[in-house]
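The values are calculated or read from the model by the stated rules, or taken from the named source; none is laboratory data. A quick note: this is a predicted structure, and the numbers were derived from the prediction, not measured. Because the Cβ atoms are built from the backbone with ideal geometry, glycine has one as well, and the counts that use them run over all protein chains shown.
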């Protein structure tokens, strides 16, 4: 059985609030733990009213504190927004509190719009230095040496698994050359998937952290009792993608019965391209789609996500998806 994990954005549904979003994420994490998910990852985003995971490390601590066995981590921390030392201290703290359950995934994008990236202060001065920042961060997790001027406290000598995330050949190449596991954002940017996987496997260099290539691929998965209901629930995510392109940021919208009359043909084509790596339907349909994807791309692990409005439907979908994964 291929390991399966869960990516959460702490969605804020229309008509709800952030406090409830955090309660929903914890309930989902506990359900994921019972259902056999390997990891529960949260992603850093800023200035998005429908996503509440901006203070990612703090929310990871909340989720880890409310669970007991599932790995909890960042998918990911957008490193150019932060100093490597601060990230090492944050995740050194999390690992000190929660033991060997904390993952650190690193991304190069700002996780937001241009104006907010500037408000974060660091991004535009740091994006080009991403490889150097990753190396610096890894250094802070190594045991401190005598006379070392700057060390991460806590962090030094703590083994926190570090991943690189991305949707391009840049991230694939860097993770391969640094000997790190690689998570590809195929759930919203699948265009370079085949080439990125080829580059990662071809250029992988073993490291002290990883001896062989390890790839996790993300997929949108919505499972319901019927295909019609699954597709209806998925319209919340489709609307969110269109609204982002329209500049109409807001909470996650409720599902609609007829999305064809809601979006334009151009918007539909763009969303379908972005969300091409999706499995939406009843359990048998989703099983077939995931099985075909796994057969083609041969990931070491799958990362499932679904940014839905209805929390009950989302919980049920991830529980059904776990059943599907166990049956593959």
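Residue-by-condition table, conditions (1) within 30 Å of residue 246 (Cα to Cα); (2) free of Cβ contacts under 8 Å to residues at least 24 places away in the same chain:
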{"residue": "93", "(1), (2)": "no, no"}
{"residue": "105", "(1), (2)": "yes, no"}
{"residue": "111", "(1), (2)": "yes, no"}
{"residue": "120", "(1), (2)": "yes, no"}
{"residue": "128", "(1), (2)": "yes, yes"}
{"residue": "140", "(1), (2)": "no, no"}
{"residue": "146", "(1), (2)": "no, yes"}
{"residue": "151", "(1), (2)": "no, yes"}
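Restricting the search to the stretch 17-60, which residues are crowded, with 17+ Cβ neighbours inside 10 Å, farther than 16 Å from residue 76 by Cβ and in contact with a helix residue (DSSP H, G or I) (Cβ under 7 Å, 6 or more places away or on another chain)?
Correct list: 22, 24, 25, 26, 28, 29, 31, 32, 35, 37, 50, 52.
If we only count helices (runs of 4 or more DSSP H) wholly inside the stretch 104-193, which ones have 1 or more residues that are in contact with a strand residue (DSSP E or B) (Cβ under 8 Å, 6 or more places away or on another chain) and modelled with pLDDT of 95 or more?
Once the helices (runs of 4 or more DSSP H) in the stretch 104-193 are filtered for at least 1 residues that are in contact with a strand residue (DSSP E or B) (Cβ under 8 Å, 6 or more places away or on another chain) and modelled with pLDDT of 95 or more, what remains is 130-141, 169-178.
Looking at (1) surrounded by fewer than 18 Cβ atoms within 10 Å (Cβ to Cβ); (2) touching a strand residue (DSSP E or B) at 6+ places or on another chain (Cβ under 8 Å); (3) more than 30 Å from residue 2 (Cβ to Cβ), can you tell me which one residue 251 breaks?
(1)
So residue 257 clears everything in (1) under 30 Å from residue 38 (Cβ atoms); (2) touching a residue at least 24 places away in the same chain (Cβ under 8 Å) except one condition, right? Which one?
Looking at each condition in turn, residue 257 falls short on (1).
On the basis of being in contact with a helix residue (DSSP H, G or I) (Cβ under 7 Å, 6 or more places away or on another chain), assigned to a helix (DSSP H, G or I) and either touching a residue at least 40 places away in the same chain (Cβ under 8 Å) or surrounded by fewer than 22 Cβ atoms within 10 Å (Cβ to Cβ) (or both), does residue 64 make the cut?
Against the criterion (in contact with a helix residue (DSSP H, G or I) (Cβ under 7 Å, 6 or more places away or on another chain), assigned to a helix (DSSP H, G or I) and either touching a residue at least 40 places away in the same chain (Cβ under 8 Å) or surrounded by fewer than 22 Cβ atoms within 10 Å (Cβ to Cβ) (or both)), residue 64 does not qualify.
Between 326, 314, which is farther than 19 Å from residue 186 by Cβ and surrounded by 13 or more Cβ atoms within 10 Å (Cβ to Cβ)?
314
The rows are residues; the columns are (1) within 23 Å of the chain's Cα centre (by Cα); (2) outside any helix (DSSP H, G or I); (3) closer than 20 Å to residue 316 by Cβ.
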site	(1), (2), (3)
220	yes, yes, yes
225	no, yes, yes
228	no, no, yes
237	yes, no, yes
250	yes, yes, no
254	yes, yes, yes
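Scan the stretch 31-47 for residues that are within 21 Å of residue 82 (Cβ to Cβ), part of a loop (DSSP other than H, G, I, E, B) and within 16 Å of the chain's Cα centre (by Cα) and jot them down.
Residues satisfying the conditions are 43, 44, 45, 46.
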